[in-house]
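Values in this text are rule-based calculations from the coordinates and carry no lab data. Please read these numbers as outputs of a predicted model, since none were measured by experiment. No Cβ is skipped: glycine too gets one built from the backbone with ideal geometry, and neighbour counts run over all protein chains shown.
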Amino acid sequence: MAGGGGAWHQPPSTGVWWDLNTCPVPADFDPLCVHRCIKSALHKQIRFPTTVAIYAIGNLEYISSDLLEKISSSGIVLIHAPCGGNSLIRFLYEWSDAVQDEQQRPGSGYIMLISGDSTMVNRCRLQKFSKFSKFCAYPEDVGPVTTQGEKVFVKEFVWETLLTANASPCAAMDEPLCICEICDVVYKTCNDFITHLKSEQHRETLFGIVPLDYGKPRYFCPVCNYPAYDEFNMSLHNESKDHNHKLADKEQDCESRKRNPQVDLFNEISKKQSL
Ligand SMILES: [Zn+2]
Ligand SMILES: [Zn+2]
């Protein structure tokens with residue numbers, strides 16, 4: 001084939017952004033199968049081979065290590081990105097630039113958003129990516145996030161239905177790749193990534209990016225000394241096991257001090273002695 005025909009041989013690229021916070025894996029569903037289900041649903045729509053990259057994004061700090069490991073080992077890239085639509089739009093710009101540099105053929109890429117967050121599935125923001133055909137999936141209990149005006153998506157799926165309709169036995173293992181957006185670090189093992197999310201260094205970075213009021217984080221948990229990026233992330237924190245354990249510990253501590261003040265004194269003395 002003459003004159004630039006080579007580009008036709010390159011499979012088109014598809015980028016999938018899966019918001020783990022608003023579209024979690026249903027309780028009775030095998031997390032290892034999500035990767036295959038998304039690919040299968042897309043292939044039924046696109047009808048010819050494309051290279052599909054799936055990115056699981058959101059606030060990953062409070063998602064169980066077990067689940068993160070399963071998702072990561074199935075070949076999905078993990079990205080801790082707690083800033084909702086702001087995070088997503090940055091990824092879309094980077095990804096679409098990379099795809100277009102590689103392909104030199106406009107209109108051959110696909111974007112899929114899996115989210116019930118209106119800052120992510122946002123018609124105005126997505127208009128900038130008009131060269132890409134777009135798909136979306138929304139959680140059943142939230143419903144379509146964009147309803148009025150011009151059609152943005154080629155097809156909209158219900159998240160839970162997409163999974164059940166495309167389920168097949170699967171356990172494709174892949175090299176894990178995990179990214180913390182706010183610290184700008186990449187990990188090749190899910191364990192290292194999880195350790196990072198719980199580290200002091202990660203929390204320090206978080207203190208540096210959260211919105212402030214008079215020099216103090218606007219959303220802050222004094223029990224855990226934890227700052228949040230916005231109200232949604234604060235509620236993820238407040239509902240987490242970590243937070244509720246700390247809260248229960250603290251309340252128990254206060255109770256025992258009230259009941260038994262001399263224990264308090266004893267603790268103080270032994271603390272001083274151990275110094
Ligand atoms: Zn980090
Ligand atoms: Zn807390």
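Placing R0 at 45 angstrom, the Cβ-Cβ distance between Ser40 and His196 gives a FRET efficiency of 0.90 after rounding to 0.05.
Counting neighbouring beta carbons within 10 Å and listing from fewest to most, the residues His80, His245, His196 come out as His245, His196, His80. Residues His35, His43, ranked from the fewest to the most other C-beta atoms within 10 Å, line up as His43, His35. In the stretch 10-187, taking the dipole from charged Cβ atoms about the Cα centre, the farthest positive-side position among Ile63, Phe153, Trp17 is held by Phe153. This ranking places Tyr110, Tyr214 by how few other beta-carbon atoms lie within 10 Å of each, fewest first, which gives Tyr214, Tyr110.
Of all lysines in the structure, the ones whose alpha carbon falls short of 19 Å from that of Lys198, not counting any fewer than 8 places away in one chain, are Lys70, Lys188, Lys241, Lys246. Take the Cβ atoms of Cys124 and Ala165, set R0 to 25 Å, and the FRET efficiency comes out at 0.25. On full extension, the segment bounded by Asn244 and Arg257 gains 2.7 nm, given 0.36 nm per residue less the C-alpha separation. The distance from the alpha carbon centre of the stretch 150-221 to that of the stretch 106-136 is 18 Å, rounded to a whole number. Between Thr51 and Asn225, the FRET efficiency estimated from the beta carbon spacing at R0 = 45 angstrom works out to 0.55.
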